[in-house]
1. Taking amide H atoms as placed 1.01 Å from N in the peptide plane, list the residues 5 or more away in sequence, or in a different chain, whose amide H sits under 5 Å from that of L512.
2. Please compute the length gained on full extension between I134 and L376, using 0.36 nm multiplied by the number of residues separating them and subtracting their Cα-Cα distance.
3. Once neighbouring chains are kept in place and the probe is 1.4 Å, which whole percent of the accessible area of segment 92-164 is contributed by carbon and sulfur?
4. Taking 30 Å as R0, compute the FRET efficiency from the Cβ-Cβ separation of S397 and V362 and round it to 0.05.
5. What residues have an amide H closer than 5 Å to that of S221, excluding those fewer than 5 places away on the same chain, when H is modeled at 1.01 Å from N in the peptide plane?
6. How big is D, in µm² s⁻¹, for segment 187-239 by Stokes-Einstein at 20 °C and 1.002 mPa s if Rh is the Kirkwood radius over C-alpha pairs?
7. Which whole-Hz ³J(HN,Hα) couplings does segment 283-300 yield from phi under the Karplus relation 6.51 cos²θ - 1.76 cosθ + 1.60, θ = phi - 60°, glycine and proline marked x?
8. For segment 132-138, what does the Karplus curve 6.51 cos²θ - 1.76 cosθ + 1.60, with θ = phi - 60°, yield as ³J(HN,Hα) per residue in whole Hz, taken in order and with x for Gly and Pro?
Amino acid sequence: MEFTVIDYSIFALLLVLSVAIGLFYALSGDRQRTVQEFLLANRNMGFLPVALSLLATFQSAVAILGVPGEIYRFGTEYWFLGCSYLLGLLIPAHIFIPVFYRLRITSTYEYLELRFNKTVRVFGTITFIFQMVIYMGVVLYAPALALNAVTGFDLWSAVLTMGLVCTLYTTLGGLKAVIWTDVFQTLVMFAGQVAVIVVGARRVGGMARVWRLAEQEGKISGIDLDPDPFERHTFWTLAVGGIFMMLSLYGVNQAQVQRYLSARSEREAKLSCYAVFPCQQIVLCLSCLTGLVMFVYDREHPLVPAQRPGDSDQLVLYFVMDVLQDLPGLPGLFVACLFSGSLSTISSAFNSLATVTMEDLVRPHCPGLSESRATLFSKLLALGYGLLCLGMAYVSSMLGPVLQPSASLAWWGARSWGSSAWACSSPVPTPRPTGLQKFYSLSYMWYSAHNSTTVILVGLLVSLLTGECGGVGAGGSPRPAHPPLCPPGPTPAAAVDPRTIYPVLPRLLCCLPQKYRQRLCCGVSFPAQDTDCADTVVKSNGVANGLAPPGPGQREEEEGQGYVRAAGAPAYALQETSF
């Protein structure tokens, strides 16, 4: 199964247009001459491109290869993950975005210093960089490896092309180029998946027949209400556990928060979350339908046993190449679809890594850095991370057989899903684990919930025992970190910056009398527009909500609940605190 000239042309067109978008934004607008323009698209993006970019950032092979393979093997149970999307996006829209947007931060780890102290911020940043650097290598190498195994497409040509194209348009065009290439690549992903579903369904008699045969074979799953958290997929693991997974992706991940902050107002940022919901449902439906069509097609047009691949991800590619081989150009479209997922994910990683490195590690130690030098350094960081990504792809290739299960990962956080899928598909029955072994058999969909709960409980315990008064107070002033203001024990309410807290319980229980809502605030004084807990609006330097006043030459005005910024150098409320 080889590519034709038309297939190669379509694939090349994807790369050329991606680079062209980067060049366009390098030569237009503010020409990426400020840090705000390069890292935050001048905070002037509309909700729709932001929404499509949010969608593209973490789709990668999960929607294109992983989910169809899951449906092919285990049926449509995974489809219930869509039930988690509603709360998984509403919570970020109404809790996370207001906090991040009103703090006017660039890196999510700035929040950690505002809420706790600089040490926590630096550790968070370093952990993120370490994780993303490894993640980039796998995301770049694994799809190229799968494509090489099925089509003979040259492995390192694909790796180098993707890596260099991503590096080029990210370095030249900044976040604005990344967002608009994400929009373009998302449309390519949709087109590739729709083409496969339409052509594949026609080959087996239509979608109605696909559904009927899949139902006869037991691939259409009912609602499994088993509460056992050790069951791999049930309604509860997918619909409830999935909420926590969505929060880790759309609530606090730097790549996603950076897109929220690029919106021109808080309202637009919230609308981007709303717009992602139907898009996510469409992507999930397309991926699940691809798996069903593949299942029925394989029953009626089976591959020769010697050709059958060892894992379902490669089977997806074999299916696509077999279905589309008589239609010149469509195999190339699907390959463009597959690589669009990787390009969008990798470019987001480059940009977010450059952002956290600049804002968390460079600026705090170089307060006198000029705007032009900071912008140049940000571009060099994006370039450096692009080259590092290529190096990590080479390291990934040296892992040999260890990477084979990695090729079946969902890449954006379902690394455990890959190992679970392999374990569950093993033809050899294994005894049910007990004791500590059983604990490690927890469904991968509960990992985010388990980790979040552990962090909260340990954090509360440590705070109760030691107190926490470091960090930055309202208006950017350092909070005292020594006795007698901060003795050992629970953190004094007066030491907590109200901008870093969202009053969830007082708002949910708004029907309670005011005195009870005040108690739910635990002594923290919130602005009156946030909750009825406060009798007065907390102000700092005359600005509501504790925001510092605009810097010289800047204006800032409220629009709805957000703020519209005029072009110019960004103002920072963050100040140096002792390590």
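1. Under 5 Å from the amide H of L512 lies no amide H from a residue far enough along the sequence or on another chain.
2. Working: separation 242, 0.36 × 242 = 87.12 nm, distance 2.51 nm.
So the extension gain works out to 84.6 nm.
3. Working: 1620 of 2240 Å².
Carbon and sulfur atoms account for 72 percent of the accessible area of segment 92-164.
4. Values: r = 31 Å, r/R0 = 1.05.
The calculated FRET efficiency here is 0.45.
5. T76, E77
6. On the way: Rh = 13.6 Å.
Using the Kirkwood radius from Cα pairs, D works out to 158 µm²/s.
7. Values per residue, Gly and Pro as x: 4, 4, 4, 4, 5, 5, 5, 4, x, 5, 4, 4, 4, 5, 4, 5, 6, 9 Hz.
8. 5, 5, 5, 4, 4, x, 5
The values are calculated or read from the model by the stated rules, or taken from the named source; none is laboratory data. Not measured: the values here are computed from a predicted model. Don't worry about glycine lacking a Cβ; one is built from the backbone with ideal geometry, like all the others, and counts go over all protein chains shown. Areas reflect the complete protein model, heavy atoms only, side chains present, ligands, DNA and RNA absent. Shrake-Rupley method; radii C 1.70, N 1.55, O 1.52, S 1.80 Å.
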